[in-house]
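Following: one structure in structure tokens, then a few remarks.
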Amino acid sequence: MRRVIETRKVTKHYVMGDLVVKALRGIDLTVASGEFVAIMGASGSGKSTLLNVIGCLDQPTSGTYLLDGVDTSHFTRDEYAEVRNQRIGFVFQVFNLLPRTSALDNVELPIFYDRSGRFQDAKVAAAASLDRVGLGDRMHHDPSELSGGQRQRVALARALVNNPSIILADEPTGNLDSRTSVEVMSVFQELNEQGITILLVTHETDIAQYARRIVVMRDGLIVGDRQVWDRKNAAEDLESMPSADELVDVEARKE
């Protein structure tokens with residue numbers, strides 16, 4: 001399969017006063033088109049730093065990062081911005097939604113920075129993206145009127161609106177309850193089935209089991225890399241979990 005992400009001996013060092021923090025110590029990682037990779041590791045292992053380098057949010061101190069076979073070290077500032085806007089979608093633990101702005105308007109935002117001329121109608125594109133994550137009926141609601149899972153879906157729709165080929169997700173279920181986390185992972189699995197390459201940072205072993213491959217980091221190095229042979233199916237797991245209404249009923253009976 002075609003290699004879309006390839007890092008060769010990538011390092012990333014941060015200088016903090018007299019201290020040099022070596023966040024990445026020589027990362028060799030290859031991700032093929034259509035893979036779903038979970039990156040795991042303790043806090044400080046370098047997993048979020050690696051995601052930032054892959055997402056062109058940060059540049060490596062040394063080493064080479066190839067995106068679709070192209071060495072990103074030669075990119076201009078405008079080329080980095082174009083990659084972030086058109087080829088990569090970002091989803092974070094904190095939803096980063098504008099609070100008094102509808103879901104539709106939040107999802108439209110990346111289109112305003114798109115200079116490709118691909119979109120004739122931003123609202124139509126944003127509505128289609130919300131439909132894609134199952135929120136077509138909530139597009140005119142503000143974030144305060146949405147559940148945590150729905151807000152994360154809005155953030156995911158915003159990441160999808162420019163039709164990226166890669167999605168990078170940093171702890172996207174970190175602030176969600178168990179059922180909502182599985183709902184979000186169900187959307188990720190659906191998108192991956194459609195051919196989107198996904199890299200997901202998580203510290204939760206059960207969440208990583210929804211990916212196709214797990215990469216483990218420690219102290220800025222990759223210490224494990226394996227296929228997930230007993231992969232979990234989020235849609236099937238949801239069928240066996242109580243719904244939100246059922247959970248409310250159970251709590252009401254306890255009272």
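The values are calculated or read from the model by the stated rules, or taken from the named source; none is laboratory data. Since we're looking at a predicted model, the values are computed, not measured. FYI the Cβ positions are ideal-geometry reconstructions off the backbone, even for glycines, and counts take in every protein chain you see.
Some points to look at:
- Gly26 in contact (Cβ under 8 Å) with a residue 24 or more places away in the chain and under 16 Å from Ala169 (Cα atoms): no
- Yes/no for Ala157 being surrounded by 20 or more Cβ atoms within 10 Å (Cβ to Cβ) and under 16 Å from the mean Cα position of the chain (by Cα): yes
- Test for Arg226: is it of a type in the set (Lys, Arg) and surrounded by 15 or more Cβ atoms within 10 Å (Cβ to Cβ): no
- Number of the exception - Val216 against (1) out of contact with any Gly (no Cβ under 6 Å at 6 or more places or on another chain); (2) at pLDDT 95 or above: (1)
- Selected residue (criterion: modelled with the highest pLDDT) from residues of the stretch 92-144 that are of a type in the set (Asp, Glu) and assigned to a loop (DSSP other than H, G, I, E, B): Asp142
- In the stretch 49-80, the qualifying residues are those that are more than 28 Å from Val20 (Cβ to Cβ) and either in contact (Cβ under 8 Å) with a residue 12 or more places away in the chain or crowded, with 17+ Cβ neighbours inside 10 Å (or both), and the one that is nearest to the chain's Cα centre (by Cα) is Asp68.
- Scanning the stretch 173-180 for residues that are acidic (Asp, Glu), in a loop (DSSP other than H, G, I, E, B) and under 25 Å from Phe36 (Cβ atoms) turns up at least one hit.
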